[in-house]
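This report concerns only the one structure given below.
FYI, it's all coordinate maths here, none of it is from the lab. Note that the structure is a prediction, hence the values are computed from the model and not measured.
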Amino acid sequence: MSVKFNGGNSPIQVVIDPGNSPPAPPKVTAVSISAPDTLVFCLSDGTTIQATGLQAALTSGMYVDQVGVLRPVPDDQGVLPADVTLNGPVYVAGATALPPGLSSNGGVIMTDGSVYFPGTFSNGGVLCANPNASGA
């Protein structure tokens, strides 16, 4: 790098010689999830990097949504009562009162979307099991 100053009211000119710059690192061009818990990063230079321990990443602030997209876990999380059951992919209320953000419509649990419940997603307001969640 060289700096030139011409004096008076002239601006300072900074010249960076790109010949001394390190090469740019390859860019990530694609990310996929490989069973059971591996992220595969495809790089612009044709190489791939595998990161195992996806489940650890998922339990530390990330989850895979119902269509397979990796997303950050929202701050506002809830816990389903222990007596909630599944009828196919649909959650059904038990005798315990439902937490904020959930209601019952004939026993079918409805969500207003204000609270995130791990392992679930809203299917038109109906609380359903996320097929990509562990144990679902």
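Numbers for the structure displayed
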quantity: P(r) of segment 68-120 over all Cα-Cα pairs, binned every 5 Å from zero, in whole percent; calculated: 4, 19, 31, 23, 14, 7, 1
quantity: Net lengthening on full extension, LYS27/GLN77 (0.36 nm per residue, minus Cα-Cα); calculated: 14.6 nm
